């Protein structure tokens, strides 16, 4: 069983026969470090599961990059508004390391319901999970100090601190690199 299949089975309780059908729609894809999965202004025509590697979701505003998220093993990536509503993506997704993905094309994604009739229920569960993650991030930004955000994020994502440039983590946490460095120094024993 691939990690994609394990993720779907564990998180959505998909039966083996449905799991095989869903997984068969995904193809392996490799993105080299520095290459883009999607650039802002382009239409996103795929959804992918990260098998290995790191990717950064960011936008550029006033000549400054704003990191929205860092994806690592076990995350899905794509631009759902672009896929669903056929609008240009506002985000860039760039590989921070050589990255291996399982990718489903937009046309195949929209036909999953033909293969797996209970797909709308599975998709709803997935979207609620994504919404919850986003809601938790918003709550953290509104209610936590910089040190509390750093600590909470570090506890949940330790592997990123040795793999991802720290300025990206600072941006993700809503801090300047200088504030991030000060907080980081205070957190270390």
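Out of curiosity, is residue 107 assigned to a strand (DSSP E or B) and surrounded by fewer than 16 Cβ atoms within 10 Å (Cβ to Cβ)?
Considered against the rule, which asks whether it is assigned to a strand (DSSP E or B) and surrounded by fewer than 16 Cβ atoms within 10 Å (Cβ to Cβ), residue 107 comes out as no.
Test each condition in (1) farther than 28 Å from residue 163 by Cβ; (2) in contact with a helix residue (DSSP H, G or I) (Cβ under 8 Å, 6 or more places away or on another chain); (3) free of Cβ contacts under 8 Å to residues at least 60 places away in the same chain; (4) assigned to a loop (DSSP other than H, G, I, E, B) for residue 113 and report the one that comes out false.
Residue 113 satisfies all of (1) farther than 28 Å from residue 163 by Cβ; (2) in contact with a helix residue (DSSP H, G or I) (Cβ under 8 Å, 6 or more places away or on another chain); (3) free of Cβ contacts under 8 Å to residues at least 60 places away in the same chain; (4) assigned to a loop (DSSP other than H, G, I, E, B) except (4).
Would you check if residue 126 is part of a helix (DSSP H, G or I) and either in contact with a helix residue (DSSP H, G or I) (Cβ under 6 Å, 6 or more places away or on another chain) or loosely packed, with under 12 Cβ neighbours inside 10 Å (or both)? Talk me through it step by step, then tell me what you get.
Details: part of a helix (DSSP H, G or I): yes; either in contact with a helix residue (DSSP H, G or I) (Cβ under 6 Å, 6 or more places away or on another chain) or loosely packed, with under 12 Cβ neighbours inside 10 Å (or both): no.
The answer is no for residue 126.
Which ones in the stretch 146-189 are exposed (fewer than 12 other Cβ atoms within 10 Å of the Cβ) and free of Cβ contacts under 8 Å to residues at least 24 places away in the same chain? Write out each step before concluding.
So the first thing to find is which residues in the stretch 146-189 are exposed (fewer than 12 other Cβ atoms within 10 Å of the Cβ), and the list is 155-156, 158-159, 162, 178, 185-189.
The answer is 155, 156, 158, 162, 178, 185, 188, 189.
Conditions (1) in contact with a strand residue (DSSP E or B) (Cβ under 7 Å, 6 or more places away or on another chain); (2) closer than 27 Å to residue 154 by Cα; (3) modelled with pLDDT of 95 or more, marked per residue:
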| site | (1), (2), (3) |
| --- | --- |
| 8 | no, yes, no |
| 11 | no, yes, no |
| 20 | no, no, no |
| 25 | yes, no, no |
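Collect the residues in the stretch 82-99 that are in a helix (DSSP H, G or I) and surrounded by fewer than 14 Cβ atoms within 10 Å (Cβ to Cβ), keeping them in residue-number order.
Kept after step one, since they are in a helix (DSSP H, G or I), are these residues of the stretch 82-99: 82-85.
Within the stretch 82-99, 84, 85 meet the criteria.
Go over the candidates 102, 168 one by one and state the one that is assigned to a helix (DSSP H, G or I), closer than 25 Å to residue 40 by Cβ and touching a strand residue (DSSP E or B) at 6+ places or on another chain (Cβ under 8 Å). So that I can check it myself, show each step before the final result.
Values: 102 fails: assigned to a helix (DSSP H, G or I).
Just one listed residue meets the conditions, 168.
The values are calculated or read from the model by the stated rules, or taken from the named source; none is laboratory data. In this text, all values refer to a predicted model and were calculated from it rather than measured experimentally. Using ideal geometry, Cβ is built from the backbone for each residue, glycine included, and neighbour counts are taken over all protein chains shown.
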